[in-house]
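Taking it in order: structure first as structure tokens, then the write-up.
The values are calculated or read from the model by the stated rules, or taken from the named source; none is laboratory data. What you see is a predicted model, and the numbers here were worked out from it, not measured in a lab. Using ideal geometry, Cβ is built from the backbone for each residue, glycine included, and neighbour counts are taken over all protein chains shown. When the accessible area is computed, the model is the full protein with side chains, heavy atoms only, and any ligands, DNA or RNA have been set aside. Shrake-Rupley method; radii C 1.70, N 1.55, O 1.52, S 1.80 Å.
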Amino acid sequence: MSTVNRADVIEDFLKKIRVIHQRGVDRAALVEIVSLLEALAERRDLFNFEAFPAPVPGQGSTAFRYRLNDDGDTPTLYLNSLLPGKSTLPHNHETWAIISAVEGQEINYVYRRDDEGREPGFTTLHLEKEVIVQPGTSISFLGEDLHGILVEGEQPTLHLHLYGLPLESLNGRYGIEVDGRILNYNASQMAPSIKAYA
């Protein structure tokens, strides 16, 4: 299928998302958005390793993030490919976020913060649950929800990531080091996106 058709499918999807986004996104709205994103993730004719290659092991990068639209400060769709062994610090998103799998598995560790008794700039995390994101099993977050990920196994991932605002515009995202130190996530952890839109 041509790039034009992919762009049309993405735009039709985003029109529906913008309507929900403008109403305001809470946990109930996230459930509605998840069903739409999972349907999009089933379009393997549009989203596959042929069109969106995974990083090559041993060649530097362990993660590619393809940005699929640029509509200013509106919901933004990405397609991420991570190599086995890739992990992230626990972090928030500052806006709502959903991950749905096209291919591969990613373990998501969902945390809650406990700042009581800690010095400023530090926190204590408590693991609340683990979710394996894979085809048919998505995960969703509101802005202050915290998660970290790990890719195990042999296969790279290909997962759609949808955010209420573009990641590149978010300055309040933070990550948490093993010792509890809080840092600016985008400034210290985020590599540039690959533009994959016309």
*Within the stretch 64-84, how many residues are more than 11 Å from the chain's Cα centre (by Cα) and open to solvent by 30 Å² or more (accessible area, probe 1.4 Å)?*
7
*Failed condition for G175, given (1) in contact with an Asp or Glu (Cβ under 7 Å, 6 or more places away or on another chain); (2) modelled with pLDDT of 95 or more, with all others met?*
(1)
*asked:* Step by step: first the residues of the stretch 90-105, then only those that are assigned to a strand (DSSP E or B) and not hydrophobic (A, V, I, L, M, F, W, C), then the one that is most open to solvent (accessible area, probe 1.4 Å). Which residue is that?
replied: E103
*Test G148 against the criterion of being of a type outside the set (S, T, N, Q), on the phi > 0 side of the Ramachandran plot and modelled with pLDDT of 95 or more, and give yes or no.*
no
*Within the stretch 112-130, identify whether any single residue is open to solvent by 20 Å² or more (accessible area, probe 1.4 Å), within 24 Å of A39 (Cα to Cα) and at pLDDT 95 or above, and answer yes or no.*
yes
*Select, from S188, S87, the only residue that is of a type outside the set (F, W, Y), under 15 Å from the mean Cα position of the chain (by Cα), closer than 27 Å to P53 by Cβ and open to solvent by 50 Å² or more (accessible area, probe 1.4 Å).*
S87
